[in-house]
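Enquirer: This is the structure I have questions about; it appears just below.
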Amino acid sequence: MESLSEAPHSAQENGGYVSVRSRTHPPLSIVTSTLLFCAEAAAACVMIAEYKRTEDAVWMSLTIVFMLVPSIMVQLTLTFIHRDLGRDRPLILLMHLLQLGPIIRCVEALIVYFKMGREEEPYVSISRKKHLRGWGQPEEEEREVGHSLRRLAIHRNAFKRTAVIQAFLGSTPQLTLQLYVCVLQRHVPAARAVLMAMSLASTTYGALVLNILAIQIKYDDYKVRLSVPAFLCIIIWRCLEIATRVTVLVLFCSALKAWVSLVALVNLIALFLLPWVYFWKSGSSLPENVEKNFSCLGTVMVLGTVTLLYSAINMFCWSAVQLNLSERDLIDQSQNWGRLSLHYTIRLLENAALILLWYFYKEDGFEYFCSPLLVVQLLVGYCAAVLFMLLFYQYFHPCRSLFSHNVSDFITCVCLRRARPTHMRIEGRETDV
């Protein structure tokens, strides 16, 4: 989320590029991810102690599982990205074994940041980016990247990945579990409310990171910076989308426990197989750049793990980063409006079906709630999430000037497809409808 910023002094043009010595913003994404990790772990520990006091062994065990499993995955991810197993760093490895890896990594990143600029260091590479200024032509910039800047970039990339893992392998299941317990017990104690708030914040932040990663991957040649309205729009969009989706699943589970496993398995299997179907239809071979030392079986296992995480994300919200197993970077860089609209259409219909089934088969304990109003609120909340998503792509996307077609273009084409099946002009561009 942080990006390189210009030095105060201007530089000279060289071969069509503007040479600029780089400095960087504070590593706020690293601090935010670490604080969310610690806050959610602390809230989970308090809730575990509460379950132990009330002798709720099942809920205590599940809370421990949803706290430890993503924590272990986070430690392994940080260790793998920084390649610490082949280096003599016993303190770092000990902190990871104690599940405190994100804290020591955050301290490392802050030390690197505060030491930057104290002494001159030779640059190790040159970064060339295009800077969008308004709706005009992009200005190309050439930046010197030193050792400290590269180390800080590695830390940022590692924490982006761990934020996604923590969000969708830990926070989302934790939020679903605690909300389900609240529905069963018909009350929300303070400790559980805090844990649910932390889990929702962590999940929303993970979805925000996915949006930023998708933009950075697609527009790799451009320097991408999101405005404050763009951040707020994404946060509201993701918070409403995830909260309404989790609530619908929990209510459906409370009424039809025998069917929720079928719904979850159908979602996971369909979303898991979708990238592999596209890969099979493309006729491509397995990518060889996943890891140099991996065999074919190892590559398939890594791709399967990535696909499983992808399906878990899409079960609760739009992943933004779309898998393409035939691509070298495993990411589809095209802006597929059709797939986006299909996802939200199917998910809205599914949410409507699940919440209506809950309404007709709900237990008698909900007589104190206005059930029709709750159904309407959940559907309106999901529609509001879609509206904020459309607002982001139409007005607040940092690279919206590069879109060949925007949201309004797509909606206009869909509305006029039957009425005018030939050609039409949209904002000065001739477009097939």
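Enquirer: Pull up all non-local amide H partners of Gly146: gap of 5 or more, or a different chain, and H-to-H distance under 5 Å with H placed in the peptide plane.
Expert: Val124
Enquirer: How many Å² of accessible area per residue for segment 54-100, probe 1.4 Å? Don't jump to the answer; show the numbers that get you there.
Expert: Values: 2980 Å² over 47 residues.
I get 63 Å² per residue for this part.
Enquirer: Using amide H atoms built 1.01 Å from N in the peptide plane, name the residues 5+ places from Lys223, or on other chains, whose amide H lies under 5 Å from its own.
Expert: Lys130, His131, Leu132
Enquirer: Between Gln377 and Ala197, take the C-beta separation as r, use R0 = 30 Å, and let me know the FRET efficiency to the nearest 0.05. Can you show the working numbers first?
Expert: Values: r = 19 Å, r/R0 = 0.63.
Step by step, r from the Cβ atoms, then E = 0.95.
Enquirer: Hey, could you grab the Kirkwood Rh for segment 149-280? Inverse mean 1/r over distinct alpha carbon pairs, Å, one decimal. Spell out each step's value before the answer.
Expert: Details: mean 1/r = 0.0588 Å⁻¹.
Its Kirkwood hydrodynamic radius stands at 17.0 Å.
Enquirer: With a sphere of radius 15 Å drawn around the Cβ of Ala42, what net charge do the other residues whose Cβ falls strictly inside it have (Lys, Arg +1; Asp, Glu -1)? Please report the intermediate quantities before stating the final value.
Expert: Values: positive: Arg192; negative: Glu40, Glu50.
Neighbour charge sum, excluding Ala42 itself: -1.
Enquirer: Describe numerically, in nm with one decimal, the distance between label points set 7 Å from Cα along Cα→Cβ at Leu76 and at Arg186.
Expert: 4.3
Enquirer: If ligands, DNA and RNA are left out, what is the accessible area of Trp59 with a 1.4 Å probe, given in Å² to the nearest 10?
Expert: 50
Enquirer: If each of Leu68 and Cys370 carries a label point 7 Å out from its Cα toward its Cβ, how far apart are those two points in nm?
Expert: About 4.5 nm, to one decimal.
Enquirer: Report the far tail of the P(r) of segment 202-241, meaning the percent of Cα-Cα pairs longer than 16 Å.
Expert: Working: 271 of 780 pairs.
Percentage above 16 Å: 35.
Enquirer: May I ask you to compute the full-extension gain from Val306 to Asp221, defined as 0.36 nm times their residue separation minus their alpha-carbon distance, rounded to one decimal in nm?
Expert: Full-extension gain reported as 28.1 nm.
Enquirer: Top to bottom by accessible area (1.4 Å), largest first, where do Cys383, Cys106 land?
Expert: Details: Cys383 65, Cys106 15 Å².
Ranking Cys383, Cys106 by accessible area, largest first, yields Cys383, Cys106.
Enquirer: I've got another one for you. Return the FRET efficiency for the residue pair Ala353, Leu93: r is the Cβ-Cβ distance, R0 is 51 Å, and the value is rounded to the nearest 0.05. Don't jump to the answer; show the numbers that get you there.
Expert: Details: r = 49 Å, r/R0 = 0.96.
Efficiency at R0 = 51 Å is approximately 0.55.
Enquirer: Right, next: Would you mind checking Lys52/Lys257; Lys115/Lys223; Lys115/Lys160; Lys115/Lys218; Lys160/Lys223 for any pair whose Cα atoms are more than 29 angstrom apart? Don't jump to the answer; show the numbers that get you there.
Expert: Values: Lys52/Lys257 25 Å; Lys115/Lys223 24 Å; Lys115/Lys160 22 Å; Lys115/Lys218 32 Å; Lys160/Lys223 18 Å.
From Lys52/Lys257; Lys115/Lys223; Lys115/Lys160; Lys115/Lys218; Lys160/Lys223, over 29 Å: Lys115/Lys218.
The values are calculated or read from the model by the stated rules, or taken from the named source; none is laboratory data. Just so you know, these numbers come straight off a predicted model, no measurement behind them. Heads up, the Cβs are rebuilt from the backbone with ideal geometry, glycines too, and the neighbour counts pull from every protein chain shown. SASA here: full protein model, heavy atoms, side chains in, ligands and nucleic acids out. Shrake-Rupley method; radii C 1.70, N 1.55, O 1.52, S 1.80 Å.
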